[in-house]
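Chemist: So that we are looking at the same thing, I have put the structure below in C-alpha cells.
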Amino acid sequence: MAIGAVRGSNRSPVVVTKTMVENMKRGAVIIDVSVDMGGCFETTEITNHDKPTMVKNGVIHYGVPNIPARYPKTSSISISNIFTPYLLSMAESGGLENAIRFDDGLKNGLYFYRGILTNKSVADWFDMSYSDINLLIF
C-alpha cells in the first residue's frame, strides 16, 4: 500500500511516476489524498464515494477527494480536537489579530482575512486577485 499526501503551491507534485506504479505488485493499493490538488501519483484519477476505486496496471487506485466527508461525525470530532486548543491559545494571546502577528503557522495558513483573499496559491488556482496578509495586519 502507498499513501500519498503531498501539497504544492498550485498543484501537488507527482512523486510516483507511471513506471513506478507499473512496477508495483498486482493488487497493491494506492490512496492519493492529494487528488483534489491534482494527485501525487501520475496514474491517479478522481473517483467518488459511490465508486471509490479503479484499477490501472493491476494496482487499485483510491482517488476520492474530501475523504472525511464519508465519516462526518468522526471527522468533526477530530477537527474539534485539533482546533479547540488552538482557539484557546488564540484567546489567551489577545485574540485573532495578535495571533496572526505572532504565529507564522496561523498567518501562513490563512486563506481569507476580513473578507480578502490572502492565499496566493488559491488565487492562482482560481485566477483571482489576492493581498499579502503582511500588508493587511496592523
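Chemist: Answer yes or no: is there a residue in region 41-58 that is of a type in the set (Phe, Trp, Tyr) and over 30 Å from Lys18 (Cα atoms).
Modeler: Within region 41-58, none of the residues are of a type in the set (Phe, Trp, Tyr) and over 30 Å from Lys18 (Cα atoms).
Chemist: Can you name every residue in region 56-97 that is closer than 30 Å to Met1 by Cβ and surrounded by 14 or more Cβ atoms within 10 Å (Cβ to Cβ)? Give the derivation first.
Modeler: Filtering region 56-97 down to residues closer than 30 Å to Met1 by Cβ leaves 56-83.
Matches in region 56-97: Lys56, Asn57, Val59, Ile60, His61, Tyr62, Gly63, Val64, Pro65, Ile67, Ser75.
Chemist: Among the candidates Glu92, Glu45, single out the residue that is acidic (Asp, Glu) and under 23 Å from Ser121 (Cα atoms).
Modeler: Values: Glu92 fails: under 23 Å from Ser121 (Cα atoms).
Residue meeting the stated conditions: Glu45.
Chemist: Is it the case that some residue within region 9-26 is within 30 Å of Ala123 (Cβ to Cβ), modelled with pLDDT of 95 or more and in a strand (DSSP E or B)?
Modeler: Yes, because at least one residue in region 9-26 is within 30 Å of Ala123 (Cβ to Cβ), modelled with pLDDT of 95 or more and in a strand (DSSP E or B).
Chemist: Sticking with this structure for a sec: Count, please, the residues in region 120-138 that happen to be closer than 18 Å to Ser9 by Cβ, among the aromatic types (Phe, Trp, Tyr) and touching a helix residue (DSSP H, G or I) at 6+ places or on another chain (Cβ under 8 Å).
Modeler: Residues flagged as closer than 18 Å to Ser9 by Cβ, among the aromatic types (Phe, Trp, Tyr) and touching a helix residue (DSSP H, G or I) at 6+ places or on another chain (Cβ under 8 Å) within region 120-138 amount to 1.
Chemist: Specify which of the listed residues (Leu106, Leu88, Leu117, Leu110) is at pLDDT 90 or above, within 22 Å of Ser12 (Cα to Cα) and outside the structural domain of Val16 (by TED's automatic domain parsing).
Modeler: On inspection, the qualifying residue turns out to be Leu117.
The values are calculated or read from the model by the stated rules, or taken from the named source; none is laboratory data. Computed from a prediction, not measured in an experiment: that's the story for all the values here. Every residue, glycine as well, gets a Cβ built from its backbone with ideal geometry; the counts of neighbours run over all protein chains shown.
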